[in-house]
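The values are calculated or read from the model by the stated rules, or taken from the named source; none is laboratory data. Everything quoted here is computed from the prediction, not taken from an experiment. Positions of Cβ are backbone-derived with ideal geometry, glycine not excepted, and every protein chain shown enters the neighbour counts.
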């Protein structure tokens with residue numbers, strides 16, 4: 001494959017990733033951040049799920065042992081009331097190691113037209129994913145501009 005074709009292929013992949021990232025941010029976090037209503041939610045249930053496992057070799061007392069380690073995802077069931085008094089229950093994934101215990105109180109944010117899409121209103125649950133999504137889209141977009149710009153003729 002010629003270098004110019006490879007650059008264009010990579011550019012097209014980056015365009016697709018930038019569009020995907022932008023679409024995700026525009027459909028999820030951004031409307032919540034801009035137009036969301038606030039409420040307070042109470043954690044009713046916490047469920048930890050092992051998402052992956054891997055093994056690592058460790059040495060103890062001169063012997064080699066395989067130690068399994070797994071990643072965990074924490075899902076929380078949270079109840080809250082909308083501004084008009086409607087009781088809602090949502091399940092949300094705790095992102096960026098958000099701690100959760102049954103009975104905990106968390107500020108919530110929801111769209112009045114779609115309260116079932118509510119999230120915990122915090123840096124870890126709303127603002128950090130929003131920032132990561134915007135940064136990802138910008139990096140992909142800048143990569144596209146860099147790869148697809150005209151190369152000077154030799």
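The table below gives the values:
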| quantity | calculated |
| --- | --- |
| Odd one out for residue 96 among (1) at pLDDT below 80; (2) over 30 Å from residue 6 (Cα atoms); (3) not in a loop (DSSP other than H, G, I, E, B) | (3) |
| Some residue of region 114-133 being farther than 13 Å from residue 33 by Cβ, surrounded by fewer than 16 Cβ atoms within 10 Å (Cβ to Cβ) and more than 17 Å from the chain's Cα centre (by Cα) | yes |
| Check on residue 6, under 11 Å from residue 111 (Cα atoms) and part of a helix (DSSP H, G or I) | no |
| Residue within region 80-88 that is modelled with pLDDT of 80 or more, touching a strand residue (DSSP E or B) at 6+ places or on another chain (Cβ under 9 Å) and closer than 19 Å to residue 24 by Cβ present | no |
| Residues located in region 23-35, provided they are within 18 Å of the chain's Cα centre (by Cα) and either assigned to a loop (DSSP other than H, G, I, E, B) or exposed (fewer than 15 other Cβ atoms within 10 Å of the Cβ) (or both) | 23, 26, 27, 28, 34 |
| Tally, over region 99-123, of residues that are outside any loop (DSSP other than H, G, I, E, B), free of Cβ contacts under 8 Å to residues at least 60 places away in the same chain and within 29 Å of residue 50 (Cβ to Cβ) | 2 |
